[in-house]
Amino acid sequence: MPKNLFQEIVFTFIMVIVMVYAMICYNIALDFGELNNVVFVAAFSELWYMGLIAFVLELFVVGPIAKKLAFRILNPASTAPILLTLAVSAITVCFMCPIMSLAATLIIKQPAAADFFAVWVQTTAFNFPMALCWQIFYAGPLVRLIFRAIFVYPKKRKQAEKTQPESK
């Protein structure tokens, strides 16, 4: 969907906010043992630094790798665009979830050295199903909708202008 670097940065920023905020809420709810209104407020305290980590990783490392892998697996010329989108999204989650779970384990959970690997694996195992479902069914479609609303492409703009009656 993004057509240039500026649009890629905007798209990544919106996606990171939606994904990271949701995953922080999820993890806080797991720690609390319930989802309540405090979770939604508490998540903001971690959003800025976890969001920054996710933004840099997604824009410069994981995003390019996910696209290359998806385009290696699927032929862009003969594959439906939605399948390409889903492939990139799924591959992105496959990389981002363990990496961001590692960051959360290091920065937030801070387990004893002897337990570090087990805590990271458990965090990843808890996060992966949520991250994949959230990305495919909610965050991805929502962010693409917002992105299309911000960046109305010239072809679609001309079509919209043709369908609107002229005001005199």
Counting other C-beta atoms within 10 Å, which of Thr163, Thr79, Thr123 has the fewest, and how do the rest follow? Thr163, Thr79, Thr123
Most mobile of Val93, Val121, Val16 in a GNM of the chain (Cα contacts under 10 Å): Val121
Relative contact order of the chain (C-alpha contacts under 8 Å, at least 6 apart) in percent is 25
Using Cβ contacts closer than 10 Å as the measure, can you line up Cys133, Cys97 from fewest to most? Cys133, Cys97
Using a 10 angstrom cutoff on alpha carbons, build the Gaussian network for the chain and name the most mobile of Val18, Val152, Val61. Val152
Helix-derived mean residue ellipticity, 222 nm - over the chain, DSSP H n ≥ 4, -39500 (n - 2.57), to 500: -24000 deg cm²/dmol
Packing-based ranking, highest mean first, of 40-47, 124-131 given that Cβ atoms within 10 Å are counted: 124-131, 40-47
With +1 on the Cβ of every Lys and Arg and -1 on the Cβ of every Asp and Glu, and nothing else charged, how large is the dipole of the chain about its Cα centre, in debye rounded to the nearest 20? 1080
If each residue of separation counts as 0.36 nm, what is the full-extension length gain between Ala149 and Lys162 once their alpha-carbon separation is subtracted? 2.9 nm
Output the peptides 85-91, 144-150, 112-118 sorted from most to least packed, where packing is the average of other Cβ atoms within 10 Å over each peptide's residues. 85-91, 144-150, 112-118
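How big is D, in µm² s⁻¹, for the chain by Stokes-Einstein at 10 °C and 1.306 mPa s if Rh is the Kirkwood radius over C-alpha pairs?
Rounded, D is 90 µm²/s.
Every number in this text was worked out from the coordinates using simple rules, so none of it is lab data. Predicted model, so just to flag it, every value in this text is computed and none were measured. Counting neighbours? That spans all protein chains shown, and the Cβs are built from the backbone with ideal geometry, glycine included.
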